[in-house]
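One structure below.
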Ligand SMILES: C[S@@+](CC[C@H](N)C(=O)[O-])C[C@H]1O[C@@H](n2cnc3c(N)ncnc32)[C@H](O)[C@@H]1O
């Protein structure tokens, strides 16, 4: 390494949230303040209101509490995470639940079957801002017309993260080209790290 080599100025991988080592370190240490340890109520209500099971992707699933819940309702669920330690944690949470649990990068993953739903919780806010446009593009590519993006968005002015806050106009700019927002409300059962700054939203893919 020398001082003119840009890579020599880059932080170590376990300090960069775009790298799996960042998350492996935190799961390995048990430092997971984002982990609700349960299924959030808005998701439970959303699932109960659907007329039929939805083929669902959970990107950046972490411990994957929601994946087991949806699978127990006979929803076909793929839960992905690029941290092998997160996947080990999810495997112990899920036991023999029939979730398709895959260690992969969201930006590389290809769906084996068409999706009805992408469930968002603490994934977008885990991504550095430089990846947000790619996130929105990939979400829009993965969902067919009428498909839903539903979940929790960390809507606030918090530039340092993770969690990285997103302003309402930034979220609109990311999603409105391809989606119409059909639900938006405050969250009543947030855990402390998100409390008062989290919204449940559902976005429908335009045709
Ligand atoms: C803040 S945690 C949230 C975990 C879980 N969604 C939850 O609500 O508890 C963010 C997760 O996203 C994963 N992650 C970050 N970037 C990823 C990527 N490009 N592909 C797949 N997983 C990723 C991390 O490994 C981590 O488990």
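Any read-out appearing in this document is the output of simple, stated calculations on the displayed coordinates, not a laboratory observation. Since the structure is predicted, the reported quantities are computational estimates derived from the model, not experimental observations. Please note: Cβ atoms are built from the backbone with ideal geometry, for glycine as well, and neighbour counts cover all protein chains shown.
Things worth noting here:
- Each residue, residue 74 and residue 88, gets one label point 7 Å from its Cα in the Cβ direction; the gap between the two is 3.6 nm.
- Each part gets one Cα centre, and for the range 138-207 versus the range 10-70 those centres are 15 Å apart.
- Inter-site label distance for residue 137 and residue 195 at 7 Å from Cα along Cβ, in nm: 3.9
- Computed across the range 22-101, the Kirkwood hydrodynamic radius from all distinct Cα-Cα pairs reaches 12.9 Å.
- Under the criterion of Cα pairs below 8 Å and six or more residues apart, the relative contact order for the range 47-135 equals 33 percent.
- Computed Kirkwood radius, in angstrom, where 1/r is averaged over Cα pairs of the range 76-135: 12.9
- Here the extension length gained between residue 14 and residue 188 equals 59.4 nm, from 0.36 nm per residue of separation less the Cα-Cα distance.
- Protection proxy ranking of 82-89, 56-63, by the mean of other Cβ atoms within 10 Å over each peptide's residues and highest first, is 56-63, 82-89.
- Report note on the peptides 168-174, 109-115: ranked by the mean count of other C-beta atoms within 10 Å, highest first, their order is 168-174, 109-115.
- Over the chain, the reciprocal of the mean inverse Cα-Cα separation, the Kirkwood hydrodynamic radius, stands at 17.6 Å.
- With each label modelled as a point 7 angstrom along the Cα→C-beta vector, the residue 38-residue 96 pair spans 2.7 nm.
- Cα-Cα separations in the range 121-207 greater than 21 Å, expressed as whole percent: 25
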